[in-house]
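Since the structure comes first, as structure tokens, the remarks are kept for the end.
The values are calculated or read from the model by the stated rules, or taken from the named source; none is laboratory data. What you see is a predicted model, and the numbers here were worked out from it, not measured in a lab. Backbone-built Cβ (ideal geometry, glycine too); neighbour counts: all protein chains shown. For accessibility, only protein heavy atoms count, side chains too; no ligands or nucleic acids. Shrake-Rupley method; radii C 1.70, N 1.55, O 1.52, S 1.80 Å.
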Amino acid sequence: MTPTDHSPLTTDLLRSLRPHQVLSSLSERMNYRYDAIQFGVTPLAVVLPESTADVVAAVRAAKAAGVPIIGRGAASGLSGGVTPVQESLVIAFTRMTALRIVPERREAVAQPGVVTLKVTEAARPHGLIYPPDPASFRTSTIGGNLGENAGGPLCFKYGVTGDYVKALEFVDADGDVHRLTRDCYDLAGLLIGSEGTLGLMTEATLRLIPPPTYSRTLMAHFAEVGQAAEAVSSAIAAGAVPSKLEFMDRACTNAVEDYLHLGLPREAEAVLLVDTDGDDLQTVDAEMNLVEAACLSAGGVVRRAADPAEAEALWQARRSISPALGRIRPQRMNEDIVVPRSALPDVVREIRALGDASPFHLVQFGHIGDGNLHPNIMFDPRTESSEAVHELAHKIALVAIWHGGVLSGEHGIGTMKKDFMRDAVDPVTLDVLRDVKRGLDAGNRLNPGKILPDAASPSTLVGDSQSRNAGGLAAGKG
Ligand SMILES: Cc1cc2nc3c(=O)[nH]c(=O)nc-3n(C[C@H](O)[C@H](O)[C@H](O)COP(=O)(O)OP(=O)(O)OC[C@H]3O[C@@H](n4cnc5c(N)ncnc54)[C@H](O)[C@@H]3O)c2cc1C
């Protein structure tokens, strides 16, 4: 196809959509073949819908042409969810940005292209917020958050994206529109986190809550990762429900310190950042006292933020992990395992040993309250082998599975982890998942090549992981 060629699909799309909604030149289409971690095949065409009717028209045209469809938000995904594995139609939702706040019902009605942060920005004047807070919330979209069931630091206390969905509208693989609430069979729940493989979300009714009045912040550092995990478990067992509970390993802390010079403890093997919040100051303080006592008795050194400015400075460390890591190597593979909290010390140690035995720089951080760990493998694709990176990611996935964990907490499976699925999910259950996919998308037109390993392809994983598998596909998050 030349840059100006119109394929039969494009010609058909232009019958029902306006010219500015259909991108057909090569230079335009090439901009829609990547996410935050990888490139895929250049799509055949790109549609920029402005309404559900536009999505229906695009899906029907793709069906008639026998072309697969990929729903795309901001492409900030970290698992290859939007990268085409074959010539496809990309439906990019970035122009579907209508957002309505209904304060009397504490609801936001959002089209999929609404940027996550905009929901809280629009709700705040009404005394409301939207808690799900992926670190990418300044760029990620509600559609992408629904596709991945995104979470963030606040999710330990407040829950993930799916916990805030009251109703969903979606377009199925045939171009039919459905409206779902969260009752029998909870089909909306099935679509949330399905990475665009079961339907295209065109509107969501989201639950809003009043923001907490007070918050407290603490940083603790430890000579051993085990001490940090013990502190977290004892604080929770004592009754504290922190609103944020984040972990950084020594390599991560040092990367951030090199970048920001905040005075972070470089020698510490583990740093915890903890917030408590609520409407009753005494309770908020009492919860933080429980956290502090648990940290001290586990051998930690504790620093409480004296005021909001100091709290902000401490959280700046957590928020700056991505840019700090970007200075180490141009690219990183961001793993997203979830393990039982009690297994964290062993898991962190085993993954550190894997990193040390590899040629790669590896850092670990994550939402420790949920046992959600992000080991990041840093590499330079110009000089380092992406196969070796993938192999190390395999080994990390196995560590999670062996410790009773799961492959993904919030980033999804995509193409990145679909090879690992055979080790995380038993063959009978995999067949059930394939049946679900067939039930909603018999022609395998919606985002093919994601999540489910091909029935015929053998496992690429090493070791007898099936027999040790106590884990699964994805954490229920939160
Ligand atoms: C620096 C950085 C930090 C991050 N931090 C977090 C974090 O803290 N927590 C977290 O959960 N994630 C995080 N992510 C990952 C990513 O931002 C999230 O997965 C986010 O939800 C993706 O949103 P998006 O709009 O970019 O979606 P995309 O990447 O465009 O799409 C993601 C998936 O959703 C599907 N999809 C998109 N729109 C629709 C739709 N309308 N209907 C059906 N399916 C659709 C796509 O097909 C794809 O499978 C981070 C990413 C980066 C780069």
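Some observations on this one:
- Checking each residue in segment 183-214 for being in contact with a helix residue (DSSP H, G or I) (Cβ under 7 Å, 6 or more places away or on another chain), of a type in the set (Ser, Thr, Tyr) and more than 12 Å from the ligand (Cβ to nearest atom) picks out only 214.
- Residue in segment 76-83 that is open to solvent by less than 10 Å² (accessible area, probe 1.4 Å) and under 19 Å from residue 13 (Cβ atoms) present: no
- Qualifying residue in segment 309-321 (condition: open to solvent by 60 Å² or more (accessible area, probe 1.4 Å) and not charged (D, E, K, R)): yes
- Going through (1) closer than 28 Å to residue 165 by Cβ; (2) under 27 Å from the mean Cα position of the chain (by Cα); (3) free of Cβ contacts under 8 Å to residues at least 60 places away in the same chain one by one, residue 39 falls short only on (1).
- The set of residues in segment 147-157 that are more than 6 Å from the ligand (Cβ to nearest atom) and of a type in the set (A, V, I, L, M, F, W, C) comprises 154, 155, 156.
Residue by residue, here is whether (1) within 30 Å of residue 316 (Cβ to Cβ); (2) within 12 Å of the ligand (Cβ to nearest atom) holds:
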position: 68; (1), (2): no, yes
position: 74; (1), (2): yes, yes
position: 77; (1), (2): yes, yes
position: 92; (1), (2): no, yes
position: 100; (1), (2): no, no
position: 130; (1), (2): yes, no
position: 133; (1), (2): yes, yes
position: 138; (1), (2): yes, yes
position: 144; (1), (2): yes, yes
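Let's see how each residue does on (1) under 22 Å from the mean Cα position of the chain (by Cα); (2) assigned to a helix (DSSP H, G or I):
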position: 324; (1), (2): yes, yes
position: 332; (1), (2): yes, no
position: 342; (1), (2): no, yes
position: 345; (1), (2): no, yes
position: 353; (1), (2): no, yes
position: 358; (1), (2): no, no
position: 365; (1), (2): yes, no
position: 369; (1), (2): yes, yes
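- Every residue from segment 408-428 that is of a type outside the set (Lys, Arg) and without any contact (Cβ under 8 Å) to a residue 40 or more places away in the chain: 427, 428
- Scanning segment 158-172 for residues that are within 10 Å of the ligand (Cβ to nearest atom) and under 20 Å from residue 417 (Cβ atoms) yields 160, 161.
- Residue pairs meeting the criteria (Cβ under 7 Å; at least 6 apart or on separate chains; first open to solvent by 10 Å² or more (accessible area, probe 1.4 Å), in segment 193-206; second among the aromatic types (Phe, Trp, Tyr)): 201/170
- Within segment 144-169, the set of residues being surrounded by fewer than 21 Cβ atoms within 10 Å (Cβ to Cβ) and either part of a strand (DSSP E or B) or free of Cβ contacts under 8 Å to residues at least 12 places away in the same chain (or both) comprises 166, 167.
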